[in-house]
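Q: Structure incoming, see below.
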Amino acid sequence: MMLIINIVGLLLIVGIVWWFWLYKPSELDVNSDVSELLITVENGVYSPSRVSIPSGQVTAVKFLRKEASPCAGTVVFADMNISEELPLNKEKTIQLPALEPGTYSFTCQMQMQMYKGEITVSEQ
Amino acid sequence: MDGGTQELLIEGAGCASCVGKIEKALKNVHGVDDAVMNFPLRMVTVTGSAGEDVLINAVENAGYNAKSTQGSTDDELLDEKETADLAYYKRLILGMTVALVLGVPLMAYSLIVGEMTVSTTTERLSWLVVGLLTAGVMFFSGKHFYIGAWKSFCNHSANMDTLIALGTGTAWLYSMLVVFFLTAFPDMARHVYFEATAMIIGLINLGLALELKARGRTSLAIKRLIGLQAKTARVVRGGKDIDIPIGHVLLNDLVRIRPGEKIPVDGLVVEGYTSIDESMLTGEPMPVEKKESNEVVAGTINKTGSVVFKATRVGKDTALAHIIGMVKRAQNSKPPIGRLADIISGYFVPTIMIISVVSALVWLNFGPDPAVAFALVCATTVLIIACPCALGLATPMSVMVGVGKAAEAGVLIRNGEALQTASKITAMILDKTGTITLGAPKVTSIHLVTASDEDNVLQLAASLEAGSEHPLAVSIVESAQERELHLSKVERFNAIAGHGVEGFVDGQALLFGNERLMRDKNVAIDDVVNTAQHMAAEAQTPMYFAVDGQLAAVIGVSDPIKEDSIEAIKRLKKNGIRVVMLTGDNKATAKAVADKVGITEFFAEVLPEDKSNKVADLQQQGEIVGMTGDGINDAPALALANVGFAIGTGTDVAIESADITLMRGSLHGLADAIAISKATLRNIKQNLLGAFIYNAAGVPFAAGVLYPFFGVLLSPVIAGAAMAFSSVTVVSNANRLRLFKAQEH
């Protein structure tokens with residue numbers, strides 16, 4: 001009995017390591033139509049949390065915060081020195097400058113980055 | 001728009017005849033049913049289904065500018081935020097109440113009656129009812145934790161919600177399994193933990209509510225800045241005064257201000273005379289006099305007179321709006337000290353989950369009976385006590401309060417990095433002119449050499465300098481204006497950086513500048529060396545004026561030292577900061593000024609381009625260098641310094657040019673900035689240390705490491721309370737910074 005319990009426990013640990021650290025999502029959530037890029041902030045996550053935009057052009061990203069928690073109240077693009085407050089239940093458009101190809105993260109204001117998303121900028 | 005109405009503000013419509021043109025242009029747009037312009041308000045109301053962009057385009061094609069009235073002001077956004085926060089607070093308090101109404105009696109029962117064990121059928125049924133009630137509490141008061149945890153899980157991330165959901169969910173599930181499959185559990189493990197689930201949910205809701213309140217206080221400074229904005233403005237259109245919302249004021253509108261009113265937008269006075277209290281922006285207590293062509297700034301308060309001014313910057317372009325934007329951005333930026341939290345952020349919650357599983361396994365394998373109950377309690381308590389939020393809040397909350405506090409003192413800090421570096425400054429370079437001194441020199445003596453008439457010297461020198469913006473040049477021109485001298489036209493003007501100027505006036509070759517310029521141009525000045533030295537010893541800058549290669553006069557210009565420079569420099573030195581003065585002035589003048597303000601280390605005759613070399617020299621000596629200048633001439637040195645301070649005079653601030661901008665001219669702002677940054681860093685360190693120690697000590701304790709030695713085990717309910725209040729403690733500690741007072745001055 002204990003053997004089974006221990007194996008289950010170890011599998012659980014392996015599962016945690018794989019699911020949260022090793023798993024690399026291959027598909028981006030949104031890839032094409034950047035003109036309608038709307039990111040919803042609800043239940044502790046950005047949705048979609050991984051988006052792709054073309055390089056070298058200014059892009060407007062709309063945020064819609066549906067969650068009242070103050071943690072959701074600010075979105076920070078640290079690489080671009082952008083931090084914007086998100087009003088509740090109201091779309092907020094954020095202009096991103098033309099970017100070099102690469103990956104840029106956006107997070108909530110708090111440092112443990114409970115809310116985290118990624119913008120992949122790819123060659124046009 | 002589906003047949004709705006929308007409003008546009010029209011810029012550039014100067015006459016009533018424009019109305020027809022604009023209305024016609026709009027009516028021609030496909031989808032527009034009607035367009036009616038209210039000329040005094042410069043607003044056009046459009047009915048129809050056309051989009052706003054199309055309408056704005058049509059107006060622009062007709063030769064005018066149009067803008068939407070829809071954009072929310074900071075004030076409106078703040079109101080919306082406060083309303084949303086209040087609703088969320090009420091929701092949390094309701095959630096807490098419902099959870100505690102069940103949790104507290106259960107807790108009391110477990111303390112008074114004893115263990116919450118299950119053995120008889122009646123007990124099973126009773127606990128089943130309690131279990132279902134707990135499920136109700138979990139749904140009503142804790143739904144957001146479970147949904148959040150699930151959404152994060154699907155996103156391959158884990159957060160606070162994950163820990164709470166797992167902890168409370170495990171306790172509830174175990175208890176329900178005991179109720180349903182009693183016989184599958186050993187006698188001693190037939191225990192239910194519904195009180196823990198209900199209490200933890202209640203306490204965490206309470207913690208979140210208290211945190212929300214405390215967070216509200218961290219943004220008081222920005223709220224105060226936003227509160228400085230007027231809501232309406234009285235504009236003069238068509239000879240009439242009309243009151244309009246501040247967002248509707250257009251560029252070049254004439255705005256009338258009466259005594260006691262707030263200035264709604266930035267502008268230039270065109271009529272009237274008054275004094276204006278600018279203390280809310282600059283921290284400078286003395287009102288500033290304003291007359292024609294002086295600048296007025298939104299958010300300041302008119303004292304006694306009435307003025308009409310022309311709007312030069314409106315909406316998001318006003319200095320106040322820029323300041324608010326900059327403070328907001330800085331409040332959300334992170335100093336390097338908090339990077340550790342960034343690094344561990346992705347590992348923290350999964351690590352806690354692993355520790356929880358490991359502790360359960362250890363208890364199951366090696367624990368005393370009932371091992372399964374011990375394993376459950378410890379695994380749950382580990383999940384509940386860990387508090388990533390305390391770590392996450394530690395730095396940003398202190399930065400929020402510190403940057404806000406600085407703004408209240410007239411100190412604009414660009415970002416968290418500047419804040420942190422400012423706290424470590426060991427050497428401060430001060431530019432003399434405009435930093436230590438007022439930067440408004442005055443002609444104090446004229447020594448004639450070949451010239452015979454002071455007025456003639458001033459007239460020629462001022463004519464030559466009329467185009468120059470150098471403070472010394474301005475003093476010559478002002479002096480000539482005071483004597484009502486008529487300036488002549490200058491030809492072939494040439495500014496020789498760091499030396500002076502040359503040019504031709506009325507056919508005469510003029511040369512005006514320092515000793516070096518005269519020597520370079522072979523003008524004999526040996527006869528006046530004593531005079532010049534005498535001037536310099538009295539802190540006057542001797543300026544040599546030559547006509548056709550002959551020295552005509554030496555003009556002594558002196559720049560008064562700001563009255564509080566001596567005290568402020570004393571404060572800096574008291575903090576162990578090495579104070580160094582730089583000036584383009586000659587050695588004797590520099591020494592006279594340095595002596596007066598108590599600076600022992602100074603460099604004179606420094607050319608503008610050499611200022612950054614001095615910064616580099618000090619850096620090579622291992623100093624962390626702050627450089628203070630006016631933000632325009634000193635730009636390269638400010639950029640090279642570890643922290644560049646731009647010192648503003650009044651509200652004329654170059655807020656984008658430096659790491660830290662002092663909105664008032666006083667050097668006390670410098671000492672305040674350093675003091676605030678030190679206090680903020682101290683506060684961050686307290687928070688980080690507290691949060692680290694809390695997690696580092698709390699998690700092993702919860703896992704039961706003390707049990708083998710002392711027989712002590714932590715209750716999940718206590719863990720829940722500790723976790724909820726650790727975040728509140730961090731935010732409250734950050735709020736202590738609000739009480740910080742820069743040294744009296």
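Q: Note the full-extension length gain between B:Ile242 and B:Leu706 as 0.36 nm times their separation in residues minus their Cα-Cα distance, in nm to one decimal.
A: 159.6 nm
Q: Now a separate question. What size of dipole, in debye to the nearest 20, comes out for the protein assembly as shown about its Cα centre when the only charges are +1 on Lys and Arg C-beta atoms and -1 on Asp and Glu C-beta atoms?
A: 2840
Q: How large is the accessible surface of A:Ile4 in square angstrom, using a 1.4 angstrom probe and rounding to the nearest 10?
A: A:Ile4 exposes around 110 Å² with every protein chain in place.
Q: Restricting the count to DSSP beta bridges whose residues both fall in segment A:26-122, what percent are antiparallel, rounded to a multiple of 5?
A: Given both bridge residues lie in segment A:26-122, the antiparallel proportion sits at roughly 65 percent.
Q: Sticking with this one: Go through A:Lys62/B:Lys81; B:Lys591/B:Lys741; A:Lys66/B:Lys81 and tell me which ones have a Cα-Cα distance over 23 Å in this structure.
A: Beyond 23 Å between Cα atoms: B:Lys591/B:Lys741.
Q: How large is the accessible surface per residue of the protein assembly as shown, computed with a 1.4 Å probe and reported in Å² as a whole number?
A: Details: 37820 Å² over 869 residues.
Averaged over the residues of the protein assembly as shown, the accessible area is 44 Å².
Q: Summing -39500 (n - 2.57) over the DSSP H runs of n ≥ 4 in the protein assembly as shown and dividing by its residue number, what mean residue ellipticity at 222 nm do you reach, to the nearest 500 deg cm²/dmol?
A: -15000 deg cm²/dmol
Q: Now for a different question. Can you bin chain B into rounded, prolate or oblate? Criterion: square roots of the alpha carbon gyration tensor eigenvalues sorted a ≥ b ≥ c, rounded for a/c under 1.5, prolate for a/b above b/c, oblate for the rest.
A: Since a/c reaches 1.5 but b/c is at least a/b, the shape of chain B is classed as oblate.
Q: Moving on. Could you look at segment B:301-361 and say what percent of its accessible area is carbon and sulfur, using a 1.4 Å probe and all protein chains? All intermediate terms of the calculation are to be shown ahead of the outcome.
A: Numbers: 1450 of 2280 Å².
The C+S portion of the solvent-accessible surface of segment B:301-361 is 63 percent.
Q: Also: Could you check the simple spin-label distance between A:Asp79 and B:Glu11, using points 7 Å along Cα→Cβ, in nm with one decimal?
A: Those two pseudo-labels are separated by 3.3 nm.
Q: Calculate, for B:Leu713 and B:Asp79, the FRET efficiency according to 1/(1 + (r/R0)^6) with r their C-beta to C-beta distance and R0 41 Å; round to the nearest 0.05.
A: Details: r = 49 Å, r/R0 = 1.19.
My answer for the efficiency is 0.25.
Q: Can you compute the FRET efficiency between B:Asp453 and B:Lys587 using 1/(1 + (r/R0)^6), with r the Cβ-Cβ distance and R0 = 41 Å? Round to the nearest 0.05.
A: Calculated value: 0.85.
Q: Next up: HN-Hα J couplings of segment B:28-35 from phi, Karplus 6.51/-1.76/1.60, θ = phi - 60°, integer Hz, Gly and Pro as x?
A: Couplings: 6, 6, 4, x, 8, 8, 7, 9 Hz.
Q: Now for a different question. Kindly report, to the nearest 10 Å², the accessible surface of B:Val29 as traced by a 1.4 Å probe over protein heavy atoms only.
A: 20
Q: Using the structure shown, list the pairs from B:Lys432/B:Lys570; B:Lys574/B:Lys611; A:Lys90/B:Lys27 with a Cα-Cα distance above 20 Å, or answer none.
A: From the list (B:Lys432/B:Lys570; B:Lys574/B:Lys611; A:Lys90/B:Lys27), the Cα-Cα distance tops 20 Å for B:Lys574/B:Lys611; A:Lys90/B:Lys27.
Q: Pick out, in residue order, every one of the chymotrypsin sites (Phe, Trp or Tyr not before Pro) in segment B:477-568 that is DSSP loop and has at most 15 other C-beta atoms within 10 Å; say none if there are none.
A: none
Q: Need the full-extension length gain, B:Asn252 to B:Asp34, defined as separation in residues times 0.36 nm minus the C-alpha distance. One decimal, nm.
A: Working: separation 218, 0.36 × 218 = 78.48 nm, distance 2.84 nm.
Gain on stretching B:Asn252 to B:Asp34: 75.6 nm.
Q: Shifting gears a bit: Shielding by partners for B:160-171, please: the mean number of other protein chain Cβ atoms within 10 Å of each residue's Cβ.
A: Numbers: counts 5, 5, 3, 0, 0, 0, 0, 0, 0, 0, 0, 0.
Taking all residues of B:160-171 together, the mean is 1.
Q: Right, next: Roughly speaking, what is the centre-to-centre gap between segment B:63-115 and segment B:499-527 when only Cα atoms are used, to the nearest Å?
A: After rounding, the separation between the Cα centres reads 73 Å.
Q: Taking the Cβ of B:Ile337 as the center, what net charge do the other residues with Cβ under 14 Å away carry, scoring Lys and Arg +1 and Asp and Glu -1?
A: +4
Q: Ordering B:Ser463, B:Ser157 from largest to smallest accessible area (1.4 angstrom probe), what's the sequence?
A: Solvent-accessible surface, decreasing: B:Ser157, B:Ser463.
Q: Taking the simple approach of a point 7 Å from Cα along Cα-to-Cβ for both B:Cys154 and B:Glu115, what is their distance in nm?
A: 4.2
Q: Residues of segment B:361-400 that become at least 40 Å² less accessible with every protein chain present than in their own chain isolated, using 1.4 Å: which are they?
A: Relative to the lone chain, where solvent access is computed with a 1.4 Å probe, segment B:361-400 loses at least 40 Å² at B:Leu361, B:Leu364, B:Asn365, B:Gly392.
Q: To the nearest 20 debye, what charge dipole does chain B have about its Cα centre, counting +1 at the Cβ of each Lys and Arg and -1 at the Cβ of each Asp and Glu? Please list the in-between numbers first.
A: Working: 63 positive and 76 negative charges, 555 e Å.
In debye, rounded to 20, chain B gives about 2660.
Q: Among B:His322, B:His534, B:His191, what's the order by accessible area (1.4 angstrom probe), most exposed first?
A: B:His534, B:His322, B:His191
Q: For the interface of B with A, what's the total buried accessible surface in square angstrom, probe 1.4 angstrom, rounded to the nearest hundred?
A: For B against A, buried area totals roughly 3900 Å².
Q: Please compute, for peptide A:63-71, the average count of beta-carbon atoms on other protein chains lying within 10 Å of each residue's beta-carbon.
A: Across A:63-71, the average partner-chain Cβ count within 10 Å equals 5.
Q: Using a Förster distance of 30 angstrom, determine the FRET efficiency expected from the C-beta separation of B:Asp527 and B:Leu607, and round it to 0.05.
A: Values: r = 27 Å, r/R0 = 0.89.
Efficiency for this residue pair is about 0.65.
Q: Between 0 and 90 degrees, rounded to the nearest ten: what's the tilt of helix B:339-366 against the longest Cα principal axis of chain B?
A: 10
Q: Can you give me the distance in nm between label points at B:Ala696 and B:Ser488, each placed 7 Å from the Cα along the Cα-to-Cβ direction?
A: Roughly 7.8 nm, to one decimal.
Q: Something else now. Need the C-alpha centroid separation for segment B:232-276 versus segment A:60-124, integer Å.
A: Value for the Cα centre distance between the two parts: 37 Å.
Q: While we're on this one: For segment A:26-122, what is Rg from Cα atoms divided by 2.2 N^0.38 Å, rounded to two decimals?
A: 0.98
Q: Got a number for the accessible area of B:Leu438? Probe 1.4 Å, square angstrom, nearest 10.
A: 90
Q: If you roll a 1.4 Å probe over segment A:26-122 with all protein chains in place, what percent of the accessible area is carbon or sulfur?
A: Result for segment A:26-122: 43 percent of the exposed heavy-atom area is carbon or sulfur.
Q: Would you mind telling me which residue in A:Asn89, A:Asn81, A:Asn43 has the biggest mean-square fluctuation in a Gaussian network model of chain A, where springs connect alpha carbons within a distance under 10 angstrom?
A: For chain A, modelled as a Gaussian network with Cα springs under 10 Å, the answer is A:Asn81.
Q: Where does helix A:2-17 land angle-wise versus the long Cα axis of chain A, in degrees 0 to 90, nearest 10?
A: The answer is roughly 10 degrees.
Q: Of B:Tyr694, B:Tyr109, which has the most accessible area with a 1.4 Å probe, and how do the rest follow in descending order?
A: B:Tyr109, B:Tyr694
The values are calculated or read from the model by the stated rules, or taken from the named source; none is laboratory data. Because the structure is a prediction, the values reported are computed rather than measured. Cβ atoms come from the backbone with ideal geometry, glycine included; neighbour counts cover every protein chain shown. The protein model used for the area step is the full one, side chains on, heavy atoms only, and it has no ligands, DNA or RNA in it. Shrake-Rupley method; radii C 1.70, N 1.55, O 1.52, S 1.80 Å.
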